[in-house]
Amino acid sequence: MPGVDYLERIPNNINLRGDRRLLRALEEWQPRFLDWWNEMGPEGFQANDVYLRTAIGVDRDGWAQFGYVKMPDYRWGIFLAEPEPDRRIAFGDHLGKPAWPEVPGEYRGVLRRLIVTQGDTEPASVEQQRHLGRTCPSLYDLRNLFQVNVEEGRHLWAMVYLLHAYFGRDGREEAEALLQRRSGDHDKPRILGAFNEQTPDWLSFFMFCFFTDRDGKYQLASLQESALDPLSRTCRFMLTEEAHHMFVGEMGVARIVQKSCELMRQHRSDDVRRHGGIDLPTIQKYVNFHYSVSLDLFGSEVSTNAANAFTMGLKGRFEETKKDDDHRLAEATYAVTSLEGERIITRDLPALTALNERLRDDYIADCQRGVDRWNRIVKEHGIELELRLPHRGFHRAIGSFGEAKISPDGRVITEAEWDAKHREWLPTPEDAQYVATLMRPAAEPGRFAGWIAPPARGINGLPLDHEYVQLTRKEG
Ligand code: BYC
């Protein structure tokens, strides 16, 4: 356990005790965070014991701690990955120079904005998911939801630490504002589009963890390359937590697909809804929705913001250090697919301004690998249907495609065609209503709702019928 001070009010591995000013600022923020958590965190389960994994160290073994915790008592803290000795800047104008221990004055504004944008998504997702506990498909899933939620809460801590430690009064104000905005709120919404959408049911939750948390993976991986060493180390540790969220999403959808296929085989019928399952065409519509709003999170295809962040050394590419080029991209080009007039075309553009698109491409390839794994389940059941990622231009709000209507198979279509067809492509209110009828709690140990298959194994080697959330001791 390298250097984690776990007994402190704010567990940390940054020697917080040695920085009185920062300690005081964070201790002032802590009760406000807890107020936010109690108001906007998982509704109705704050007094229950949950079998959670808590970070006690930043190495691989640091995750070995499992135990029952009431969520408000979770040890939210500040964990940075171990420093890399003599770390050098891997890209941009400062390539090869030592990584920065502090924020350079000239980059303050841009860095603050990146950190605030990242930080804002974390509480947003907790807010989006706060009602799901009431309709859990099993105690196993309920516990996973809460694990994801407390870790998103900790990711907020990670960004708030950076704001308090490196951005003075502006940072403190931003840290406050992170607790003030609310997902979906008309007057004070969260910053990015996907984080103002609703997560009303567990199908949406699993899709969100698969698609939207995966944006988190790619954004954090790019920020991990940052010349600002504390940001890099913070993101490096966050990425270890992010992996579990994507696992929850991928497995959740896989288990729904599995159950649907089982029902189709058992009843020799495609009409899975009659038998209490979620049919594959409905799953496809949810894929279309969550994938497209998550694609928007990468920004426009051509972005001077992204180019500047790269040149300044603030945000790199995915796996920057593994890339075999000059890491400056002054001359390089990159193939970008976008809408020009009425046509979708792919052209080589300056690689620097195409960085958002490049990251989106990495993300798309990763999503496809997951979809392929879902399709293997379908195939194993002898069913002739494939889930597909829609075209990158489908149902987009940000970037060139935001200005047009694109079909899932990548045709530029008229408003009239969109109006006639979008109900086949995106979840309709009736679909959502049907999914909502399935959302009845299965909260006895070992029980699973009828629309989702049990997972292959329990948590930390425990059986599936373990009481992962103890519901007997209720709130109040
Ligand atoms: N919604 O040059 P452009 C996660 C704005 S998820 C609303 O195209 P840029 C997590 C943009 O701000 C990861 N606005 O884009 C997952 C700009 O505004 P201004 C979160 C948007 O700046 C699950 C304008 O449009 N982390 O961790 O290159 C659960 C033109 O911008 C959107 C990050 O995002 C949008 N979708 O890139 C929990 C990393 N897209 O300047 C957590 C930090 C763009 O005109 N953020 N705009 O006022 C960034 O790196 C960049 O801000 C973005 C945008 C990639 C988001």
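Considering each residue of the range 361-405, count those that are assigned to a loop (DSSP other than H, G, I, E, B) and more than 16 Å from the ligand (Cβ to nearest atom), and give that number. Total satisfying the criteria: 12. Scanning the range 349-359 for residues that are assigned to a strand (DSSP E or B) and within 26 Å of Ser407 (Cβ to Cβ) gives a single hit, Leu349. Please tell me if Arg358 is of a type outside the set (Asp, Glu) and either out of contact with any strand residue (DSSP E or B) (no Cβ under 9 Å at 6 or more places or on another chain) or within 15 Å of the ligand (Cβ to nearest atom) (or both). Taking the combined requirement at face value, the residue satisfies it.
For the range 192-201, the set of residues classified as within 14 Å of the ligand (Cβ to nearest atom) and surrounded by 17 or more Cβ atoms within 10 Å (Cβ to Cβ) consists of Leu192, Ala194, Phe195, Asn196, Glu197, Thr199, listed by residue number.
If you check Ala177, Ala124 for being open to solvent by 20 Å² or more (accessible area, probe 1.4 Å), within 16 Å of the ligand (Cβ to nearest atom), part of a helix (DSSP H, G or I) and of a type outside the set (Ser, Thr, Tyr), only one passes: Ala177.
Ile14 - would you say it is farther than 30 Å from Ala330 by Cβ and either assigned to a strand (DSSP E or B) or in contact (Cβ under 8 Å) with a residue 60 or more places away in the chain (or both)? Yes: the conditions hold for Ile14.
For (1) crowded, with 19+ Cβ neighbours inside 10 Å; (2) within 16 Å of the ligand (Cβ to nearest atom); (3) within 19 Å of the chain's Cα centre (by Cα), each residue gets a yes or a no:
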| position | (1), (2), (3) |
| --- | --- |
| Asp296 | yes, yes, yes |
| Ala306 | yes, yes, no |
| Phe310 | yes, yes, no |
| Lys322 | no, no, no |
| Val336 | yes, yes, no |
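Using beta carbons and a limit of 8 Å, which pairs, at least six apart or on different chains, have the first residue in the range 354-369 and acidic (Asp, Glu) and modelled with pLDDT of 95 or more and the second one more than 10 Å from the ligand (Cβ to nearest atom) and open to solvent by 40 Å² or more (accessible area, probe 1.4 Å)? Once the first residue is acidic (Asp, Glu) and modelled with pLDDT of 95 or more and sits in the range 354-369, its partners that are more than 10 Å from the ligand (Cβ to nearest atom) and open to solvent by 40 Å² or more (accessible area, probe 1.4 Å) give Glu357/Tyr334. Checking the stated criteria, Val287 turns out to be modelled with pLDDT of 95 or more and away from the ligand (no atom under 16 Å from the Cβ). Considered as a group, the residues in the range 448-465 that are aliphatic (A, V, I, L, M) and in a loop (DSSP other than H, G, I, E, B) include one that is surrounded by the most Cβ atoms within 10 Å (Cβ to Cβ), and that residue is Ile452.
Looking across the range 130-163 at every residue that is of a type in the set (Ser, Thr, Tyr) and out of contact with any Phe, Trp or Tyr (no Cβ under 6 Å at 6 or more places or on another chain), the one that is surrounded by the most Cβ atoms within 10 Å (Cβ to Cβ) is identified as Tyr161. Looking at Arg113, Arg108, Arg75, just one residue is within 16 Å of the ligand (Cβ to nearest atom), touching a residue at least 12 places away in the same chain (Cβ under 8 Å) and open to solvent by 50 Å² or more (accessible area, probe 1.4 Å), and that residue is Arg108. Counting only residues that are buried (at least 24 other Cβ atoms within 10 Å of the Cβ), hydroxyl-bearing (Ser, Thr, Tyr) and under 30 Å from Pro85 (Cβ atoms), the range 233-271 holds 1 of them. Taking every residue in the range 32-53 that is on the phi > 0 side of the Ramachandran plot and pairing it with any residue that is of a type outside the set (Ser, Thr, Tyr) and buried (at least 19 other Cβ atoms within 10 Å of the Cβ), at least 6 positions away or on another chain, the pairs with Cβ-Cβ distances below 8 Å are Gly44/Gly133. Suppose the filter is among the aromatic types (Phe, Trp, Tyr) and either free of Cβ contacts under 8 Å to residues at least 12 places away in the same chain or touching an Asp or Glu at 6+ places or on another chain (Cβ under 9 Å) (or both); does Phe146 pass it? For Phe146, the condition - among the aromatic types (Phe, Trp, Tyr) and either free of Cβ contacts under 8 Å to residues at least 12 places away in the same chain or touching an Asp or Glu at 6+ places or on another chain (Cβ under 9 Å) (or both) - is not met. Within the range 338-379, the set of residues being among the hydrophobic types (A, V, I, L, M, F, W, C), open to solvent by 10 Å² or more (accessible area, probe 1.4 Å) and closer than 30 Å to Ser260 by Cβ comprises Ile364, Ala365, Ile377.
The values are calculated or read from the model by the stated rules, or taken from the named source; none is laboratory data. Please read all numbers here as calculations on a predicted model, not as lab measurements. Methodologically, a virtual Cβ is constructed for each residue, glycine included, from the backbone with ideal geometry; neighbour enumeration extends over all protein chains shown. Only protein heavy atoms, including side chains, enter the accessible area calculation; ligands, DNA and RNA are left aside. Shrake-Rupley method; radii C 1.70, N 1.55, O 1.52, S 1.80 Å.
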